[in-house]
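Q: Take this structure, written in structure tokens, and hold onto it; I'll ask about it next.
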Amino acid sequence: MIVKQSDVAANALLIIPEDADDLFTLRRIIGRGDYAVADTTRVLKQQSDYGRPNKGERVKVRLTIRVDRVELDASVNRLRISGTITQTSNELVSKGMHHALSVQAGDILTVDKGRKWQDMELRLLRRSGDASSSFILVAIDTQEAAVARVTGTHVKIIPNIYSGQHGKRYAAKNASLDSFFSDIAKTVASVLSERDKIIIFGPGETRRKFYNILDKNGLPKERAQVVDGVDVAGEDGIFVFLRSSAMKEAMSASKLATVSAMLDQVMLMVNRGENKYAIGLKDIANAADIKAIESIIFSDTIFKTAEEEDVVRLLNSVEAYGARTFAVDSSTDIGLRVSSLGGMVALLRYAMR
């Protein structure tokens, strides 16, 4: 998340969410009565004296709305901010009308609290803004490769790229690996950002051959590494890597590795019969009431069984006394594991029973 001081007002911040985690952070800090400023579109219809209004023209307009409601959509990829228009850059758009801003990753939003920002709110923004590097994963062998981008705890996989190589049992002429490597490099370049690191793995020596030609294909070799211990390529290789000890070592500074280690700790406590954990919204809420929460992991499935506002209130209350919260989704094995445990798991400061 990119956060800067805005010139709209003394207490206004310009915010650019970069992924789904950032959108949920905004969901937690924007409240009723705040002011949100963003560029949007409205359909303006011309009304004639004796006829029906025409279909209208969609125009771009900058609106300031006083927030009445904030909610995530079902896929947690879009934030909807509803409220009353208080300022507009187009005189044809009337003040006092109701409007809903739709915010996605990459959109620019200005938020004015009309007061000094609370420490907890700034801490949430700072944590999103100081997020560790994202990672580009390349699972490769001589026949196929998959590329994935890991941001926070979210994984986006690009479909397999095939080399055209045949197995040793076939006498047909094989396609050039140079062309295969070039296609993979172009795919990596299309999703690579300035702070991303590249991790290459897979069976055999193909992974090292691809690493050796990174600079020839315009990719930063100094930000890449080859990882051993994952002998599967393609999309399956991506998922195997994300469940492996190699991931925790290669991505030790990442949010995904942190959450994976925390979840393993919970499972170990369960097996040992220790009670420094809580599972499910009800038990975690009880632990939060006595400030026993150390950290919480929750998945997007929690919103299917609990009210969004209740979840947000709980997470903000534990953040206020120093606990950490981590959102995961079903794009990873970790997200699926958390979902199977009721959508929310917590590590406790001390045993409750």
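Any read-out appearing in this document is the output of simple, stated calculations on the displayed coordinates, not a laboratory observation. Owing to the predicted nature of the structure, the values given are computational and were not obtained by experimental measurement. All Cβ positions, glycine included, derive from the backbone under ideal geometry; neighbour counts span all protein chains shown.
Q: What is the order of Met120, Met251, fewest Cβ neighbours within 10 Å to most?
A: By the 10 Å Cβ count, ascending, the order reads Met120, Met251.
Q: How many angstrom lie between the Cα centre of the range 56-114 and the Cα centre of the range 312-353?
A: With the range 56-114 and the range 312-353 each reduced to a Cα centre, they are spaced 30 Å.
Q: Ok, one more. Could you compute the FRET efficiency for Asp264 and Ser82, with r as their C-beta to C-beta distance and R0 at 41 Å, rounded to 0.05?
A: 0.50
Q: Taking R0 as 41 Å, what FRET efficiency do you get between Arg272 and Arg126 from their Cβ-Cβ distance, rounded to the nearest 0.05?
A: With R0 = 41 Å, the Cβ-Cβ based efficiency is 0.70.
Q: Report the full-extension gain for the segment His98 to Val59: residue separation times 0.36 nm, less the Cα-Cα distance, to one decimal in nm.
A: Stretched out fully, the His98 to Val59 stretch lengthens by 12.4 nm.
Q: Another question, then. So if we plug the beta-carbon distance of Glu308 and Asn90 into 1/(1 + (r/R0)^6) with R0 = 30 Å, what FRET efficiency do we get, rounded to 0.05? Could the numbers behind the result be given before it?
A: Working: r = 32 Å, r/R0 = 1.07.
It comes out at approximately 0.40.
Q: Arrange the following residues from fewest to most other Cβ atoms within 10 Å of their Cβ: Arg149, Arg32.
A: Ascending Cβ contact count within 10 Å gives the list Arg32, Arg149.
Q: Okay, moving on. Of Lys282/Lys304; Lys60/Lys116; Lys4/Lys291; Lys197/Lys255; Lys186/Lys255, which ones are farther than 23 Å apart at the Cα?
A: Lys60/Lys116; Lys4/Lys291; Lys186/Lys255
Q: Please order Phe326, Phe303, Phe210 by the number of other Cβ within 10 Å, starting at the fewest.
A: Ascending Cβ contact count within 10 Å gives the list Phe303, Phe326, Phe210.
Q: Okay, next question. Can you compute the helix-only [θ] at 222 nm over the chain? Use -39500 (n - 2.57) per DSSP H run of at least 4 residues, normalise by all residues, nearest 500 deg cm²/dmol.
A: Per the formula, -9000 deg cm²/dmol.
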